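The values are calculated or read from the model by the stated rules, or taken from the named source; none is laboratory data. Treat the numbers as computed from the prediction; the structure is a model and nothing was measured. Note: ideal-geometry Cβ built from the backbone for every residue, glycine included; neighbour counts use all protein chains shown. Note: accessible area is taken over every heavy atom of the protein model, side chains too, but ligands, DNA and RNA are not part of it. Shrake-Rupley method; radii C 1.70, N 1.55, O 1.52, S 1.80 Å.
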Amino acid sequence: MRVIVIGAGVGGTSAALALQKLGHEVVVYDRMRENRPVGAALSLWSNGVKVLNWLGLGPEVAALGGRMDDMAYYDGHTGDELCRFSLAPVTEQTGQRPYPVARADLQQLMMDAVGSAHIHLGKQLTGVSEADGVVTATFADGSTDTADLLIGADGARSLVRDYVTEPAGIRPERSYSGYVNYNGLVRADERIGPLDQWTTYVGDGKRCAVMPVAGDRFYFFVDVPGPSGVVEDRMAALEQAFGEWGAPGVRALLDGIDPDESLNRVEIWDIDPFDTWVRGRVAILGDAAHNTAPDIGQGACSALEDSFALGIVFATTTLGVEDSLKRYERIRTERAGDLVLRARKRAHETHAFDIAATQAWYDGLRREDGTGVIRGIVGNIEGSPVELGASVMR
């Protein structure tokens with residue numbers, strides 16, 4: 001087949017690689033003019049890493065990943081340790097170590113794997129149509145391209161999603177999750193937390209966390225509940241939110257941030273789950289299909305699962321493009337929708353939208369030995385099509 005993929009992010013490039021593995025001709029279009037991804041880094045839990053291993057990128061991804069051996073929570077006001085435990089059980093139970101990775105590094109790796117000759121940047125999609133078994137993509141510059149199949153991995157504001165869901169009378173709307181995430185990369189600093197630890201400071205419904213990534217860096221992500229649509233000085237907003245916290249690690253992190261070099265402000269939105277992902281020879285994938293809050297770290301992993309499922313159905317079924325896409329849809333919608341709702345529930349618990357629930361979580365952290373947290377992390381990984389395939393093989 002000839003395949004058009006709209007979007008060169010993690011979802012689009014992984015879908016391209018999955019279909020290239022099967023010998024299909026794939027061309028990727030993206031409106032960005034250079035590799036400048038939104039967000040500094042991402043969590044690749046075991047299910048996401050396994051897809052990248054399957055795509056042939058295992059050693060390269062491992063080299064990009066930070067070594068995250070332990071996890072710890074601290075009181076943001078005092079710096080007192082609430083709990084600390086090993087993440088080794090995640091690896092032991094799933095068969096794969098998770099990696100935090102810098103998003104730009106991963107995206108460049110995947111774009112290079114697809115091949116620059118197959119990726120066209122600066123191409124804004126304006127329309128999709130299908131007739132007589134041929135899909136046509138139209139772009140803002142007036143150009144068009146045709147293929148046997150089109151995959152829309154064009155993000156939370158997906159135009160391809162509108163094309164797919166319109167006949168079903170579905171109009172998925174984004175919902176504000178109630179908080180703003182500030183993120184970026186800083187030099188790894190033991191004053192913030194151990195270099196091999198996922199370190200999180202909590203209090204007042206706010207979170208201040210770092211994960212290690214390659215290059216002696218920490219990926220930091222900081223959550224502040226508040227309204228959307230506020231125009232603000234990002235560094236001033238962080239000082240206002242955390243300046244009175246007494247934890248030395250939080251102060252060290254704030255002092256280490258260079259707002260001109262690496263400080264993003266991202267309002268967190270999601271979309272209610274829906275189950276129409278396919279229209280004829282057009283399908284959606286990634287945030288276009290399941291825009292998810294980052295509270296369980298499964299956004300990118302879920303997009304990678306989409307690509308794995310897409311590759312598997314086209315490798316194993318022979319009743320035509322439309323049939324294979326409907327099978328992909330049936331495999332993915334329930335699982336992806338469940339992760340959206342889990343992340344939403346987690347955001348509600350941790351950001352003091354229910355003050356009693358958040359306080360109960362803080363109190364529970366003081367008694368946590370890792371069992372409950374590990375159960376939650378592994379629970380998000382279980383049910384992945386990658387995990388199900390491995391269990392069948394066993």
field: Count of the stretch 318-337 residues which are open to solvent by 30 Å² or more (accessible area, probe 1.4 Å) and farther than 18 Å from residue 380 by Cα
entry: 8
task: Give 143, 158 a once-over and let me know the one that is of a type in the set (S, T, N, Q) and closer than 23 Å to residue 326 by Cβ.
output: 158
task: With the condition kept exactly as written, say whether any residue in the stretch 171-185 is without any contact (Cβ under 8 Å) to a residue 40 or more places away in the chain and over 30 Å from residue 77 (Cα atoms).
output: yes
- line: Of the candidates 168, 156, the one satisfying the condition of being in contact (Cβ under 8 Å) with a residue 24 or more places away in the chain, surrounded by fewer than 19 Cβ atoms within 10 Å (Cβ to Cβ) and more than 29 Å from residue 358 (Cβ to Cβ) is 168
- prompt: Quick check: anything in the stretch 176-191 modelled with pLDDT of 95 or more and among the acidic types (Asp, Glu)?
  reply: yes
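Those residues that are crowded, with 17+ Cβ neighbours inside 10 Å, of a type in the set (A, V, I, L, M) and in a helix (DSSP H, G or I), I need them from the stretch 339-360; list them, please.
339, 340, 343, 347
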message: For the list (1) open to solvent by 20 Å² or more (accessible area, probe 1.4 Å); (2) within 30 Å of residue 310 (Cα to Cα); (3) at pLDDT below 95, I need the number of the one condition that residue 384 fails.
response: (1)
statement: Taking the stretch 361-376 and keeping residues in a helix (DSSP H, G or I), of a type outside the set (Phe, Trp, Tyr) and farther than 18 Å from residue 89 by Cβ leaves 363, 364
field: Subset tally (residues that are of a type in the set (Gly, Ala, Ser), in a loop (DSSP other than H, G, I, E, B) and more than 22 Å from residue 260 (Cβ to Cβ)) for the stretch 185-206
entry: 2
query: Can you pull out the residues in the stretch 193-221 that are in contact with a Lys or Arg (Cβ under 7 Å, 6 or more places away or on another chain) and free of Cβ contacts under 8 Å to residues at least 60 places away in the same chain?
result: 216
